[in-house]
Amino acid sequence: AVITGASSGIGAACARLYAAQGMNLILTGRRMELLQQLKSELESAYANQVLIACFDVQDEQAVFQAFEAIPAPWRSIDILVNNAGLALGRETFDQADLEDWKTMLHTNVEGLLFVSRAVLPWMIERRKGHIVNIGSIAGRQLYERGNVYCASKAAVEAITKSMRIDLLPHGIKVTGIHPGAVETEFSLVRFKGDAQKASATYQGFQPLSAEDVARTIVFCTS
Ligand code: NDP
Ligand code: 8X3
């Protein structure tokens with residue numbers, strides 16, 4: 001399985017659950033150190049192998065180069081979890097930072113497209129594969145100051161449905177997972193390191209855990 005955004009949150013939880021099932025993993029993200037730590041943790045707990053591919057999903061060239069560098073025995077990919085993503089800022093439409101908007105669209109939408117296209121030829125060749133795209137309830141239930149994050153996740157849902165139709169003739173399955181609030185690094189990233197604002201996000205209700213979502217992903221691909 002390939003998991004993007006495996007250095008924290010839902011992606012890391014997914015890696016742990018798939019590893020426990022004996023699956024070999026290709027883990028991606030930008031923070032090499034965290035990926036290395038997870039690789040060591042998993043390889044010392046289980047007999048499976050972990051390959052790290054460190055790149056920014058926004059960078060088209062870097063994505064394709066990273067997958068071109070994957071050794072042949074690793075190219076029999078059964079599962080791709082397109083999980084890497086983020087929200088940045090919580091401003092009204094007129095106040096939001098344009099750079100934040102671009103980063104969300106480049107990461108959540110373009111990044112998912114690049115990684116999918118890099119992996120797909122190997123799945124098509126084997127007439128086998130399952131792609132899981134992580135959208136969000138935010139793509140369906142719009143909220144105040146959610147604007148472009150919500151739009152990026154609505155795009156993920158449209159892309160997921162379109163992939164499912166176009167890839168069916170190749171025997172490839174496509175699933176969309178659209179979680180509600182999950183307590184991960186997500187809000188810390190959204191509020192640019194402001195821990196107070198991040199934890200305030202989860203006041204008054206019990207958020208999902210990364211493992212809750214990972215269990216659903218693993219169930220869907222089982
Ligand atoms: P985290 O911030 O904990 O994890 C996000 C992961 O995405 C990290 O591993 C990060 O790795 C990776 N990532 C972010 N930007 C890039 C990039 N440009 N290139 C490569 N990797 C990147 O958040 P979550 O685990 O919560 O988020 C995972 C997914 O779930 C996201 O798509 C998010 O939108 C979605 N989601 C989250 C919800 C929530 O409430 N938390 C609810 C619904 C959906 P690194 O920084 O090392 O690059
Ligand atoms: C993340 C969930 O509701 O915080 O996608 O936007 S929410």
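The values are calculated or read from the model by the stated rules, or taken from the named source; none is laboratory data. Computed from a predicted model, the values in this text were never measured in an experiment. Counting neighbours? That spans all protein chains shown, and the Cβs are built from the backbone with ideal geometry, glycine included. Note: accessible area is taken over every heavy atom of the protein model, side chains too, but ligands, DNA and RNA are not part of it. Shrake-Rupley method; radii C 1.70, N 1.55, O 1.52, S 1.80 Å.
Structural remarks
- Flag if Leu27 is assigned to a helix (DSSP H, G or I), touching a strand residue (DSSP E or B) at 6+ places or on another chain (Cβ under 9 Å) and crowded, with 16+ Cβ neighbours inside 10 Å: no
- Enumeration of residues in the range 133-162 that are within 10 Å of ligand 2 (Cβ to nearest atom), surrounded by fewer than 18 Cβ atoms within 10 Å (Cβ to Cβ) and within 17 Å of Leu113 (Cα to Cα): none
- The set of residues in the range 206-222 being touching a residue at least 40 places away in the same chain (Cβ under 8 Å) and within 14 Å of ligand 2 (Cβ to nearest atom) consists of Ser209, Ala210, Val213.
- The listed residue being under 23 Å from Leu25 (Cα atoms), open to solvent by 20 Å² or more (accessible area, probe 1.4 Å) and either under 16 Å from the mean Cα position of the chain (by Cα) or at pLDDT 95 or above (or both), out of Gly85, Gly111: Gly85
- Taken over the range 75-100, residues that are closer than 23 Å to Ser8 by Cβ and not in a loop (DSSP other than H, G, I, E, B) amount to 6.
- Ser116 being modelled with pLDDT of 95 or more, among the hydroxyl-bearing types (Ser, Thr, Tyr) and either within 16 Å of ligand 2 (Cβ to nearest atom) or exposed (fewer than 15 other Cβ atoms within 10 Å of the Cβ) (or both): no
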